[in-house]
Each structure stands twice: as C-alpha cells, then as structure tokens.
There are 2 protein chains.
Amino acid sequence: MPRDIHTEVLTGAAFAPFGDVLEVGGEPDMVINGGMCGRFHDLARMDFGPDGRAGISLFQGQSYRLPLELTMVERHPLGSQAFLPTTSAPFLVVVAADDSGRPGRPRAFVTKPGQGVNYHRGIWHGVLTPLEPACYFVVDRIGAGSNVEEYVFSEPYIIRP
Amino acid sequence: MPRDIHTEVLTGAAFAPFGDVLEVGGEPDMVINGGMCGRFHDLARMDFGPDGRAGISLFQGQSYRLPLELTMVERHPLGSQAFLPTTSAPFLVVVAADDSGRPGRPRAFVTKPGQGVNYHRGIWHGVLTPLEPACYFVVDRIGAGSNVEEYVFSEPYIIRP
C-alpha cells in the first residue's frame, strides 16, 4: 500500500467522521448587538467525561513543511480537543479512523483561513502541525487520568501537497 | 462625575478583578511534540453552573470606532464567557465592578495582538466591540435559563483613546 498521503481541502462534510469544523458560513444563527454581530451557535460536540472539565490553553507552535513524514498519531480517550487558530495561517489536520484499536490509513486536511477544528473524543489525530509559526487556543479536558494514547507507525507515511 | 472614560492597556493584573487575559507570555508550562510546541496551560476560570455546559460559537463582528458612546452593559449570571480572536485586530474590552446590583463606573481596555479574554461569571461587560471587523471564537454557557441581564445607563459614557 503506498505510504503517500495527499492533502485534502478541509470541509465540514469530509471531516464529520472525525470531528467538527468551526467556521463562519451562510447566515448566522442569531444576529445580536443591534445588528452588529452574527452568532454561529454551538459548533462543537465537546465531551470531557464525567470527571473532566473544559479548559482553555494556548499552544505556541513552530512550523512544519510539506512533504512531511508522519511517524505517529495520538488520541485522547477521555475528551475532545479543539484547536482555534489566532491567525489565518493554515495548519495541517491529520486524522485516522480506528481499526480494531489501531489507526487506519490517515487522511490529511489543510485548513483555510478562519477554520478551527474540534477532534471528537477518542479520534486518532496528528499533533499540532502549523504550516507557519502560529498560536492556537485549545479547548480540551482538564482532569485526572491518563488522557493520551500514542501509536507509532511501523513505517512512516509521507504527507504531500 | 465626568462621563469620559479613557482606554487602558489590557494586562492580566489590571483585568484580574473581572476575568482572565488569555495570552502567551514567559516560558510555557509544558513543551510538547518533540520541542515543536509550547503549552500555556488552563488559562481561564470557566464556570457554567450546575445545569450548563461549555460550547464553542463563532461571533462575526462589525467594527466600532472611538470615541464610542457606551449606552449599556450586560452580564451573564449563569456562566463565564471567553472571546478568542481569530486575527490580531484589536478589540475593546469594557467591564465594570458591581455596585449593589448595578454596574459601577466602567473601565475600557484595548487588546494587543494575541490576547483573548474570559469574563468571569456575573461580571458586567460591554458587548463585543471589535475595532476592525473580525471573528471570535466564543466559549460560553449552553443551557436552559435566562443568562443575560442588561443595564442601560441613564446617561451614556464616552470611551476615548
């Protein structure tokens, strides 16, 4: 099986099996503040389990370049994780469906300006991979317990534009 | 009492009575992803009450100009509310201490690039006031119940640079 993975455009429909794309689109769900603000409401399916709570952290990420060697993915069994960019710089979003407890063949998406993502609880994904140096607000689970599982591929995948 | 309010630089210390400034500063709490990412951990004191949960929405805001007539403020008795900018455009952050159930004299802060804010539950604040058109990820309470209280000033304040 070829180890090359070509990037795809990130859309809500394509990403639905893995999580939510958080973006402005169409008409807002509410118009507030005397018409000065549109609210696109409650876009992320978050889940922090019975013993966790939502926290906001900031990730300051260095940049990666394509083609990129993908050696591992990880998942968070106890909670969802959202990445909310502070700039319009694109980032790579790597995800994989689960196949009997191991990640299947990954898919790689490149964000458009203004798009954030929320990985659903337990979804295999790559680490934060900005394509320019950038900061991200991250909404994920704060709480006790082991919330990261890593999987190292026997042979890396190569992610290409 | 003069109705003019001059803007202040937003710092975590100045804003502490009202909420959290979410920004990168100093050394990260953790360095992850093989040194490629710094995590500034759990920066917001969020509170969604016993019957609420955290949601992520997107606010698409039109821009305001200074001097600005401040006619009202609002507060959310049931939950905190975080504004996480998607660009480096500055926004105005208006807050007021409570004085026997009514807002006291407001203070007005202007953000620096990369700064988000989290209003603590029940804090009087102005509506979203971008100084350039901009979008914001908003983390606030999703749930039943009346979660907004407005206060209209008998005479507007004027916010000046």
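Could you list, in sequence order, the residues of the stretch B:81-115 that are assigned to a loop (DSSP other than H, G, I, E, B) and hydrophobic (A, V, I, L, M, F, W, C)?
B:Ala89, B:Ala97
Taking B:Leu43, is it at pLDDT 95 or above, over 23 Å from A:Leu128 (Cβ atoms) and open to solvent by 40 Å² or more (accessible area, probe 1.4 Å)?
So B:Leu43 fails the test.
Could you check, for the stretch A:90-104, whether at least one of its residues is among the acidic types (Asp, Glu) and more than 24 Å from B:Val24 (Cβ to Cβ)?
Within the stretch A:90-104, one or more residues are among the acidic types (Asp, Glu) and more than 24 Å from B:Val24 (Cβ to Cβ).
Please find, among A:Ala108, A:Ala134, the residue that is more than 9 Å from every other protein chain (Cβ to nearest Cβ) and surrounded by 21 or more Cβ atoms within 10 Å (Cβ to Cβ).
The match here is A:Ala108.
Please enumerate the residues belonging to the stretch A:84-103 that are in contact (Cβ under 8 Å) with a residue 12 or more places away in the chain and more than 10 Å from every other protein chain (Cβ to nearest Cβ).
Passing the criteria: A:Ala89, A:Pro90, A:Phe91, A:Leu92, A:Val93, A:Val94, A:Val95, A:Ala96, A:Ala97, A:Asp98, A:Arg102, A:Pro103.
Name every residue in the stretch A:46-68 that is away from chain B (no Cβ under 12 Å) and open to solvent by less than 30 Å² (accessible area, probe 1.4 Å), in order of residue number.
Result: A:Gly49, single match.
Are any of the residues in the stretch B:7-28 in contact with a Leu (Cβ under 9 Å, 6 or more places away or on another chain), hydrophobic (A, V, I, L, M, F, W, C), surrounded by fewer than 20 Cβ atoms within 10 Å (Cβ to Cβ) and at the interface with chain A (Cβ under 8 Å from one of its Cβ atoms)?
yes
The values are calculated or read from the model by the stated rules, or taken from the named source; none is laboratory data. Predicted, not measured: the structure shown is a model, and the values here were computed from it. Cβ atoms come from the backbone with ideal geometry, glycine included; neighbour counts cover every protein chain shown. The protein model used for the area step is the full one, side chains on, heavy atoms only, and it has no ligands, DNA or RNA in it. Shrake-Rupley method; radii C 1.70, N 1.55, O 1.52, S 1.80 Å.
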